[in-house]
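Rule-based calculations on the coordinates, nothing more; no lab input. Predicted model, so just to flag it, every value in this text is computed and none were measured. Because the Cβ atoms are built from the backbone with ideal geometry, glycine has one as well, and the counts that use them run over all protein chains shown.
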Amino acid sequence: MTSIEKKPLTKRFQSMALTGYIGLLILMPLWLFVLSPREGQSLEFMFTVYIVPLLLPLRGFIKDNPYTYAWANFIVLIYFLHGFTLLWIATDELVWVLLELLFASLMFIGCTYYAKHRGQELGLRIRKLKQDLADEKEAHENTDER
């Protein structure tokens with residue numbers, strides 16, 4: 001962990017991200033295995049598709065890595081797709097679907113802005129493609145001169 005103090009806004013976004021994450025981590029297995037088990041789908045399939053992706057960013061969240069918060073948004077898209085699909089076709093599970101969408105939204109917004117603000121606090125920068133191309137061109141020209 002770093003010794004650079006987090007600003008209150010950064011802490012708020014981290015809390016939002018973790019609330020959404022932990023909410024999904026609790027809701028999905030409870031919903032899919034206990035409250036409304038799916039018929040015709042194996043437990044292994046359900047676990048692999050809906051639970052394992054949530055476990056991937058766990059280590060980075062524990063280590064408080066801003067990059068993990070940024071790429072975790074790709075994972076949360078699975079739950080948006082699942083939630084919006086069920087919102088359309090499974091009106092009998094509306095409460096669980098809305099909870100999934102709420103937690104996914106909290107995680108998405110929290111992760112996005114936590115990564116941004118914490119990255120700025122730590123001085124992390126994503127290099128511009130233009131700079132990368134210029135550096136690559138310079139390196140290539142230097143090897144041609146030899």
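Note the direction-averaged projected area, equal to a quarter of the hull surface, for the Cα convex hull of the chain, in nm².
On the way: hull surface 51.5 nm².
Projected area, direction-averaged: 12.9 nm².
Segment residue 122..residue 22, full-extension length gain: 33.5 nm, with 0.36 nm per residue of separation and the alpha-carbon distance subtracted. Who wins for biggest fluctuation among 32, 24, 106 in a Gaussian network model of the chain, springs between alpha carbons below 10 Å? Taking springs between Cα atoms under 10 Å, the residue moving most is 32. Each of 23, 139, 87 was scored by the projection of its Cα onto the charge dipole of the stretch 8-145, and the greatest displacement toward the positive side belongs to 23; charges sit on the C-beta of Lys, Arg, Asp and Glu.
The distance linking the stretch 75-110 with the stretch 2-44 is 12 Å (Cα centroid to Cα centroid, whole angstrom). Between 63, 11, 116, where does the largest GNM mean-square fluctuation fall for the chain, given springs only between Cα atoms within less than 10 Å? Among 63, 11, 116, the largest mean-square fluctuation in the Gaussian network model of the chain belongs to 63.
Helix 129-145 and the longest principal axis of the C-alpha atoms of the chain enclose an angle of approximately 40°.
Using the alpha-carbon atoms, what tilt in degrees (0 to 90, nearest 10) does helix 8-29 show relative to the longest principal axis of the chain? With both axes taken from Cα atoms, the answer is about 40 degrees. Directionally averaged projected area (the stretch 64-134, Cα convex hull): 6.1 nm². Per residue, the convex hull spanned by the Cα atoms of the stretch 27-113 amounts to 88 cubic angstrom.
Apply the Kirkwood formula to the stretch 14-65: the hydrodynamic radius equals the inverse of the mean of 1/r over all pairs of different alpha-carbon atoms; give it in Å with one decimal. List each step's numbers first, then the result.
Working: mean 1/r = 0.0835 Å⁻¹.
About 12.0 Å, per the Kirkwood formula over Cα pairs.
Among the lysines of the stretch 8-145, pairs that are 8 or more positions apart or on different chains and have alpha carbons within less than 16 Å of each other number 4.
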